[in-house]
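The values are calculated or read from the model by the stated rules, or taken from the named source; none is laboratory data. Just so we're clear, the structure is a prediction, and the values are computed from it rather than from any experiment. Glycine gets a Cβ as well: all are built from the backbone with ideal geometry, and neighbour counts include every protein chain shown. These area figures cover heavy atoms from the full protein model, side chains too; ligands, DNA and RNA do not enter into them. Shrake-Rupley method; radii C 1.70, N 1.55, O 1.52, S 1.80 Å.
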Amino acid sequence: MKYGIIILWLVCLTIYITEIGHGADVEIALEAELADVITAPMVIAENDLASNGEYIWMEGPKATGGGGEGWAEFNINIPETGEYALWGHVIAWDGNSDSFWVTWQPADPNENPQATNNNDFRWAVAGGNDWHWDRINRWTDNEGTFDAMWEFDNIGETVLRIGVREDATQLDAIFVTSNADATTAAAANVRLPTDEDRKIQIEGLSVDAKGKVTTTWGALKKSY
Ligand SMILES: [Ca+2]
Ligand SMILES: [Ca+2]
């Protein structure tokens, strides 16, 4: 009986190590237009070349700047503690339509940079008239852009807010990864959301390190 328990324990330990101990990156692909909250003047728009045919932006003409109101919020369930990076699938026409504000709580404080104008939360979006990936950065200390990294000490619910800074900047999708060291989209293994990713996002399911659905959002929240 005693040995049986030890063997059972070893089997469980082996399964645990096999499942989570191999260092797989956490990877979560999100559609911008499936955000949990979108406040005007940030709106959903259609584009045939965008993932899922839609993206979000504050509508506006190129080259005029303006903006600074409205945001999209994503409730993201973090399945493992550690460092995370974000990539955005974007279009940024010119120097007056190439930025968002980004906060990701609880790693970031509950601050509204649209009010505080804090450049620590300013994402200078890489320019380009076609959809392309850009790692989210910070305009820290007004000294230029640095790849942003967020550290989460607890698993569970986090809130990512992408706020309008300049109108006409377009966001199609977001890729969340625990591979915070990768500096190119290829190295970060970025992907646009699949049908399964969209299902997970819509139904509020969490994912494990290998991207398999493990538990419902509601069930996970109850364990806190
Ligand atoms: Ca700009
Ligand atoms: Ca999209």
Residues being over 18 Å from the mean Cα position of the chain (by Cα) and either surrounded by 13 or more Cβ atoms within 10 Å (Cβ to Cβ) or near ligand 2 (Cβ under 9 Å from one of its atoms) (or both): count how many of those fall in segment 46-58.
3
For segment 31-44, what are the residues that are surrounded by fewer than 21 Cβ atoms within 10 Å (Cβ to Cβ) and touching a residue at least 40 places away in the same chain (Cβ under 8 Å)?
Leu34, Pro41
If Gln114 satisfies all but one of (1) touching a residue at least 40 places away in the same chain (Cβ under 8 Å); (2) within 14 Å of ligand 1 (Cβ to nearest atom); (3) polar (S, T, N, Q); (4) under 29 Å from Glu151 (Cα atoms), what's the number of the condition it fails?
(2)
Of (1) open to solvent by 40 Å² or more (accessible area, probe 1.4 Å); (2) modelled with pLDDT of 90 or more, Val213 satisfies all except one. Which?
(2)
Restricting to strands (runs of 3 or more DSSP E) lying wholly in segment 120-196: which have 3 or more residues that are within 16 Å of ligand 1 (Cβ to nearest atom), in contact (Cβ under 8 Å) with a residue 60 or more places away in the chain and open to solvent by less than 60 Å² (accessible area, probe 1.4 Å)?
156-164
Residues of segment 50-102 classified as among the β-branched types (Val, Ile, Thr), modelled with pLDDT of 95 or more and within 15 Å of Ala168 (Cβ to Cβ), total
3
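Quickly run through segment 74-98 and pick out the residues that are under 18 Å from Ala148 (Cα atoms), of a type outside the set (S, T, N, Q) and either crowded, with 18+ Cβ neighbours inside 10 Å or more than 14 Å from the chain's Cα centre (by Cα) (or both).
Across segment 74-98, the qualifying residues are Phe74, Ile76, Ile78, Gly82, Tyr84, Ala85, Leu86, Trp87, Gly88, His89, Val90, Asp98.
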